[in-house]
Amino acid sequence: MSTGYLYEPLPDVSGGARLHLNENSAGCSAAVLSAIRSVTREQIAWYPAYSSATAACARAFGVSPDSVLLTNGLDEGILTVSLALVPRNGEPSDVVVVEPGYGMYGPSARLAGATVRSGEPGPDLSFDLDRVIAAITPATRFVILSNPNNPAGAVIPHESLLALARALPDGAFLFVDEAYADFAGNCAIPAIATVPNLIVGRTFAKAYGLAGIRIGAVFARPDVIARLRGAIAPFSVNVFASVALEAALNDRGYLEWYLHQVRQAKDVLYEGFTRLGLAFWRSDGNFVLVRVGDAPGVRQALSARGIHVRDRSSAPGCEGCIRVTAGLPDDARACITALEEVLCAAPR
Ligand SMILES: *Cc1c(COP(=O)(O)O)cnc(C)c1O
């Protein structure tokens, strides 16, 4: 039953391995904690000025600071884009969500006053450019998708994104959510220089381990960023988030170390799923989608063994599937052990 939340929060879990939200399971860089500890009483008393964090983010991604909007997590970025791009003058508006899509897309677009149209996935959850283009109408304000995709984890080719941006009516945008791009290595941010209707979102919640701090960024041409500023509160990024972001961006070594852990953990999962005879999708993200049959039952049984995974079986094309975060290889091994126990105990 709906609680009326913009996005249904998941039940809290305590203890065990958190492999259900694609968080960084090793924690943030130690440099982030030092930076937070060094915040002064005066800094806490002042309204945050985050020009330094914005400049650091712009430098890290090779754009000018006026092409960056820092946000209170990418969730706020998604809501801001929705509020900024959907007009409230009674004109019909729709937003195309590429399915399966992240849970904030549809609700944010509807809150902004748009009708949501879905761009259905191709067979086996592949990205189907033609079906997405077919969902576009003259009233489309933007198309939103995540790259790599969640929950299957495949990267959409850059040429397909460019073709999609070109297929949009005048004034409509393509919003590429790159929440998992750190793991995959794809990056559409440089293309904002040549594709005027492209917006790219990033979060520092996943690879950088800052989910609890709430920090994300939206990249677009300066005129688009200026429009987005019209739909966001002036101080939504707090002083701790801005110092944390700078410290995290400066600690490249920690990020590289974690990306390596994730690649190893994915190999552990692939090997385990193969041995258990389960179908899965090779993923460019920090998660693996696997078909287990009774997904709600398996999720619950794993949870009772201290392994928390996500039941994705209600998403289009994901019948019978759970999604497992790939973090530290030891967690992946514990997950395979528990899954083997659960599947061997249950009649299939
Ligand atoms: C986690 C996630 C987000 C939200 O990131 P926050 O910065 O935590 O708000 C956005 N999009 C996708 C696809 C995600 O997986």
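Here are the numbers for the structure shown:
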{"item": "Region 74-98 residues that are within 19 Å of Thr137 (Cα to Cα) and aliphatic (A, V, I, L, M), paired with ones that are within 12 Å of the ligand (Cβ to nearest atom) and assigned to a loop (DSSP other than H, G, I, E, B) (beta carbon under 8 Å, 6 or more apart)", "result": "Val98/Asn149"}
{"item": "Near pairs, Cβ below 6 angstrom, 6+ apart or cross-chain, from region 223-243 (closer than 22 Å to Arg41 by Cβ and in the same structural domain as Ser52 (by TED's automatic domain parsing)) to any residue that is of a type in the set (A, V, I, L, M) and open to solvent by less than 10 Å² (accessible area, probe 1.4 Å)", "result": "Val237/Leu70; Ala241/Ile215; Ser242/Ala53"}
{"item": "Boolean, Glu23 is among the charged types (D, E, K, R) and either part of a strand (DSSP E or B) or farther than 25 Å from Gln261 by Cβ (or both)", "result": "no"}
{"item": "Any hit, region 18-38, residues being open to solvent by 50 Å² or more (accessible area, probe 1.4 Å), within 16 Å of the ligand (Cβ to nearest atom) and over 15 Å from the mean Cα position of the chain (by Cα)", "result": "yes"}
{"item": "Any chance Leu125 is within 19 Å of the chain's Cα centre (by Cα), away from the ligand (no atom under 14 Å from the Cβ) and under 17 Å from Pro316 (Cβ atoms)", "result": "yes"}
{"item": "Tally, over region 62-75, of residues that are in a helix (DSSP H, G or I) and open to solvent by 30 Å² or more (accessible area, probe 1.4 Å)", "result": "3"}
{"item": "Condition check for Gly73: within 11 Å of the ligand (Cβ to nearest atom), at pLDDT 95 or above, small (Gly, Ala, Ser) and within 14 Å of the chain's Cα centre (by Cα)", "result": "yes"}
{"item": "Residue that is of a type outside the set (Ser, Thr, Tyr), farther than 26 Å from Ile322 by Cα and away from the ligand (no atom under 16 Å from the Cβ), where the choices are Ile189, Ile136", "result": "Ile136"}
{"item": "Within region 76-102, tally of residues that are at pLDDT below 95, open to solvent by 30 Å² or more (accessible area, probe 1.4 Å) and within 16 Å of the ligand (Cβ to nearest atom)", "result": "2"}
{"item": "Members of region 105-152 found to be under 24 Å from Leu10 (Cβ atoms), in a loop (DSSP other than H, G, I, E, B) and at pLDDT below 95, listed by number", "result": "Pro121, Asn149, Asn150, Pro151, Ala152"}
{"item": "Filtered residue count, region 192-207, keeping only those that are open to solvent by less than 20 Å² (accessible area, probe 1.4 Å) and within 14 Å of the ligand (Cβ to nearest atom)", "result": "8"}
{"item": "Members of region 274-307 found to be within 13 Å of Gly320 (Cβ to Cβ) and either small (Gly, Ala, Ser) or open to solvent by less than 20 Å² (accessible area, probe 1.4 Å) (or both), listed by number", "result": "Leu278, Ala279, Leu289, Val290, Val292, Gly293, Ala295, Gly297, Val298"}
{"item": "Output for region 279-294, where each listed residue is more than 20 Å from the chain's Cα centre (by Cα) and in contact (Cβ under 8 Å) with a residue 40 or more places away in the chain", "result": "Val292, Gly293, Asp294"}
{"item": "Hey, Asn186 at pLDDT 95 or above, of a type in the set (S, T, N, Q) and not in a strand (DSSP E or B) or not", "result": "yes"}
{"item": "Residues satisfying the stated conditions in region 314-329, i.e. among the polar types (S, T, N, Q) and open to solvent by 10 Å² or more (accessible area, probe 1.4 Å)", "result": "Ser314"}
{"item": "Residue check for Val176: within 24 Å of Asp94 (Cα to Cα), within 16 Å of the ligand (Cβ to nearest atom) and either touching a helix residue (DSSP H, G or I) at 6+ places or on another chain (Cβ under 8 Å) or not charged (D, E, K, R) (or both)", "result": "yes"}
{"item": "Residue in region 104-122 that is in contact with a strand residue (DSSP E or B) (Cβ under 7 Å, 6 or more places away or on another chain) and within 11 Å of the ligand (Cβ to nearest atom) present", "result": "yes"}
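The values are calculated or read from the model by the stated rules, or taken from the named source; none is laboratory data. Being a predicted model, the structure only gives us computed values, none of them experimental. As a convention, Cβ positions derive from the backbone with ideal geometry for all residues, glycine included, and neighbour counts pool all protein chains shown. Ligands, DNA and RNA are excluded from the accessible area calculation, which covers all protein heavy atoms including side chains. Shrake-Rupley method; radii C 1.70, N 1.55, O 1.52, S 1.80 Å.
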